[in-house]
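Quick notes on the structure that follows.
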Amino acid sequence: MKWIGQHIVDLIARFRSSIYLEGVETGTIASGGNLGLDSDNKIVKDSGVGATDLHGAGVDGAANQLLTDDGDGTVTSESGLLWDATTLTVGPTDTTSVGIKRKDGHAVGGTLKMLGANAAGANQTGGALKFYGGQGTGTGDGGDIEFWTAADGTSGSSLNGFGVLPRLKVDADGDTTISGNLNILGTIFTTGDATVFGNDIIFEGTSDDVHEATLSGGNPGSDITVTLPASTGTLALQNEDTTGTAATVTSGTQAAITTCANLTTVGTIGTGTWNADVIASAKLDADTAHLTTDQTFTGAKQINKRKFTQTSSTHFEAQGDILYYGLGSTTQGDLCYLKEDASWGQADADGAATGDDADRDATGMLAIALGTDPDVDGMLLRGVITMDYDLGDVGNPIYIKLVAGSMSNTAPTASGDFVRVVGYCLNDTNGQMWFNPDTTWVEIA
């Protein structure tokens, strides 16, 4: 028996390095483990649940690397494809661009969707879908977020390239750049300044058709600010007409309005200059026309009432009928008469003038000089004036005085003097008077 056993041992020893099995059938490994060789090259049954250590199959990688099939039956642990139960990391550690792409093959490109998790339970919020640019270091900016689309091309089967600009770009400062048209179906809200680069903002309306409203800014040579005040009402621009209600424009200057067809309702115009030649139909204040500086009116004018008030204590302040006429010069405040040579002389109750002007200094056309140049400063023919001397009691008649160019509340009494009333006193002390020379006089015999 020992001899037979020794032959069996020798026979097995011949096949210790290589064992050949013939007629091996395919089948399913029974549950409970797999057969393999232990450290002594003995065939054993693995007591584990399966093969978890793939080093023996040539797989050697770092933690969290995903395995890919190389297509030839081998498996590679990808250093650029990691999953740690919360984050999928792709790509090498250099700056090479990587991407996640849907598989090609269909005539029409397939859609790639990225979804946040659906909620579970009643009234729960769905998972958010967030995009983050990479974090910079130090003074470096964070990475941009960009969305690109392929450019349009011509007919054919060749793939078109991508556009020269991203369709949507958000940089580290939060600035968003959009190339192409931006169609907004809802409301735009902004808590800061909004800047539009380009000449026009186009409002399409409720439908995409050939009609739209264009807000054109052009390219101004300097900054222009349009301020809409916090007020109620609506400011609408319709066919070059402005309707609605706007608040007062303050803190700025309105540039020239070249042409305005109609101003339907106008409130108070505070200051400014009217440069037009005429007002075609002067519909002014219902009670009073407020006019300042020199005005010229032509045609018949009906003025039902002319209002004169007592002048102030300022010397030679006047209201009334003023004639801008005459040669030579005058002394402000003098009572004057019109001479034959169209100049003005000093009036005198004794009729001292001679020649062609004889007695005119008492009986001629009288006026009070309002300045030194009669055709510029004017001559008061009738009205209210403040003289620079006392004229007696209120209501007293005022006469030509025997002193050249003066008036008095005392009538002259000497033979040959002229008594002529030129007005009446309006104030006991300040020299205000109503000036209205009588067209009659008395010469004392």
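Table for the structure above
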| read-out | value |
| --- | --- |
| Among 390-397, 438-445, the order from most to least packed when residues are scored by Cβ within 10 Å on average | 390-397, 438-445 |
| Gained length - F147 relative to D193, 0.36 nm times residue gap less alpha-carbon distance | 14.2 nm |
| Candidates per trypsin sites (Lys or Arg not before Pro) in the stretch 93-198, loop by DSSP, up to 10 other Cβ within 10 Å | K101, K103, K113, K130 |
| Point-to-point label distance, I184-A213, nm (Cα→Cβ direction, 7 Å offset) | 1.5 |
| Qualifying chymotrypsin sites (Phe, Trp or Tyr not before Pro) in the stretch 334-392, DSSP loop, other Cβ atoms within 10 Å at most 11 | Y389 |
| Debye log10 I(q)/I(0) at q = 0.12, 0.24 Å⁻¹ for the stretch 355-445, Cα point scatterers | -0.37, -1.30 |
| Among 114-124, 135-145, 419-429, the order from most to least packed when residues are scored by Cβ within 10 Å on average | 419-429, 135-145, 114-124 |
| Distance in nm between pseudo-label sites at L168 and F131 (7 Å out along the Cβ direction from Cα) | 0.6 |
| Added length on full extension, which subtracts the Cα-Cα distance from 0.36 nm per residue, K103 to V59 | 13.2 nm |
| Sites matching chymotrypsin sites (Phe, Trp or Tyr not before Pro) across the stretch 109-177 that sit in DSSP coil, with at most 11 neighbouring C-beta atoms within 10 Å | F131, Y132 |
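All of the numbers you see were taken from the coordinates with simple rules; none came from a lab. If you're wondering where the values come from, they're calculated on a predicted model, not measured in any experiment. Positions of Cβ are generated from backbone atoms using ideal geometry, with glycine treated the same way; all protein chains shown enter the neighbour counts.
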